[in-house]
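A short write-up of the structure that comes next.
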Amino acid sequence: MFAVIKTGGKQYKVAKDDVISVEKLAGDAGDRVEFTDILMLGGTKEDGGDAVIGAPMVPGASVSAEVLEQGRGAKIIVFKKKRRQNYRRKKGHRQDLTVVKILDINAKAKKAAPKKAAPAKTADAPAKEAAPKKTATKKTATKKAAPKKSSAEKSGEK
């Protein structure tokens, strides 16, 4: 069974015993964390293969994990330059990360009941009369613009 979880503004596809690095979470090594933002639950062919897709989240589902370590990612160099201006700035950045191991996927999600089809209309049932369409009764007259006089005609010359 697998789940798609949302944490730190990102989505991760996880299964039991997976080890993933996520954005920094509160807690020390050995603490348990619970992910409740589950976007999708899916099963393998051995499990039956049913998938439950949330709208936007799957209600009642959760994923429990254990914090393995708090660490930092690799250094990323941020370099800014404006040519011919003698402007150069160099900075480094290391993102704080938490390494977690997925312990269990709790799939207590209720599957949505299929929507019932609308009952078919019969000839005996009174049909609703459609409201007549409103049409414009006033017709606006369009004026044609008179041709503009040239500068010679304005001054009285011919």
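Just one residue in the set 14, 100, 19, 33 is loosely packed, with under 13 Cβ neighbours inside 10 Å and of a type in the set (Val, Ile, Thr); that residue is 19. In this structure, is residue 67 surrounded by 10 or more Cβ atoms within 10 Å (Cβ to Cβ), part of a loop (DSSP other than H, G, I, E, B) and either out of contact with any His (no Cβ under 9 Å at 6 or more places or on another chain) or modelled with pLDDT of 95 or more (or both)? No; evaluated as a whole, the condition is false for this residue.
Listed by position, the strands (runs of 3 or more DSSP E) contained in the range 75-115 that have at least 3 residues being at pLDDT 95 or above and among the aliphatic types (A, V, I, L, M) are 76-82, 96-106. Listed by position, the strands (runs of 3 or more DSSP E) inside the range 16-60 whose residues that are within 15 Å of residue 4 (Cβ to Cβ) and in contact with a strand residue (DSSP E or B) (Cβ under 7 Å, 6 or more places away or on another chain) number at least 2 are 19-23, 38-42, 51-53.
The values are calculated or read from the model by the stated rules, or taken from the named source; none is laboratory data. Model, not experiment: these values are computed from the prediction. Here Cβ is always computed from backbone atoms with ideal geometry, including for glycine, and neighbour counts include all displayed protein chains.
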